[in-house]
Amino acid sequence: MGGNSPCASCKLLRRRCAKDCIFAPYFPSDDPHKFAMVHKVFGASNVSKMLQELPVQQRADAVSSLVYEANARVRDPVYGCVGAISYLQNQVSQLQMQLAVAQAEILCIQMQQEPMVPTPQILDQDDKSFLLHNQYLNFASNSSTNVIHDHSFKRESIFGE
């Protein structure tokens, strides 16, 4: 930076900030915590080497990644950002499962609400399976009705009602 105030890295390392300080554009003096985290995890020397090896146009993205990884390492020293990524992937999987269940429930509700009237297209394509499906549905609905009636009949005969 070389101007009025040194960059965050030079402030933390207690050194004079040179005009060509590699840290100055990425670690401004008004955000010292940013460099402190990166320095704690990676070390100033390693960060300096990484930045010098990169083209200037990629350095800002690299610093952003280093800051993210350093913060993740401080929160989770073992897994770092991999732990956060794994957590988010698990969350996505759970939400996809919940979505699939909700979509299946919606489909079941829609199927229950639709009248079972055969259309010419369905009968032309596969009328046997359609008829068998209808017979199964009718049997299932009649069976549940019969069970209810059987229960009431048994109750009447047991209690003499």
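The values are calculated or read from the model by the stated rules, or taken from the named source; none is laboratory data. Just so we're clear, the structure is a prediction, and the values are computed from it rather than from any experiment. When we count neighbours, we look across all protein chains shown, and the Cβ atoms used for this are built from the backbone with ideal geometry, even at glycine. Just so you know, the surface numbers come from the protein's heavy atoms only, side chains and all, with ligands and any DNA or RNA stripped out. Shrake-Rupley method; radii C 1.70, N 1.55, O 1.52, S 1.80 Å.
Observations
Every residue, every condition in (1) in a loop (DSSP other than H, G, I, E, B); (2) not β-branched (Val, Ile, Thr), yes or no:
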site: Leu12; (1), (2): no, yes
site: Arg15; (1), (2): yes, yes
site: Lys19; (1), (2): yes, yes
site: Ile22; (1), (2): yes, no
site: Ala72; (1), (2): no, yes
site: Ala84; (1), (2): no, yes
site: Asn90; (1), (2): no, yes
site: Ser93; (1), (2): no, yes
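- Evaluation of Pro77 against (1) open to solvent by 70 Å² or more (accessible area, probe 1.4 Å); (2) modelled with pLDDT of 95 or more; (3) under 28 Å from the mean Cα position of the chain (by Cα) (one fails), failing number: (2)
- Residue among Asp61, Asp30 that alone is under 30 Å from Cys17 (Cα atoms), open to solvent by 50 Å² or more (accessible area, probe 1.4 Å) and not in a helix (DSSP H, G or I): Asp30
- The stretch 4-21, subset closer than 15 Å to Lys34 by Cα and in contact with a Pro (Cβ under 8 Å, 6 or more places away or on another chain), residue surrounded by the fewest Cβ atoms within 10 Å (Cβ to Cβ): Lys11
- Candidate set from the stretch 64-74 (those that are crowded, with 17+ Cβ neighbours inside 10 Å and either touching a Cys at 6+ places or on another chain (Cβ under 9 Å) or among the small types (Gly, Ala, Ser) (or both)); member that is farthest from Tyr87 (Cα to Cα): Ala70
- Leu51 meets each of the listed conditions (1) part of a helix (DSSP H, G or I); (2) open to solvent by 30 Å² or more (accessible area, probe 1.4 Å); (3) touching a helix residue (DSSP H, G or I) at 6+ places or on another chain (Cβ under 9 Å) apart from (2).
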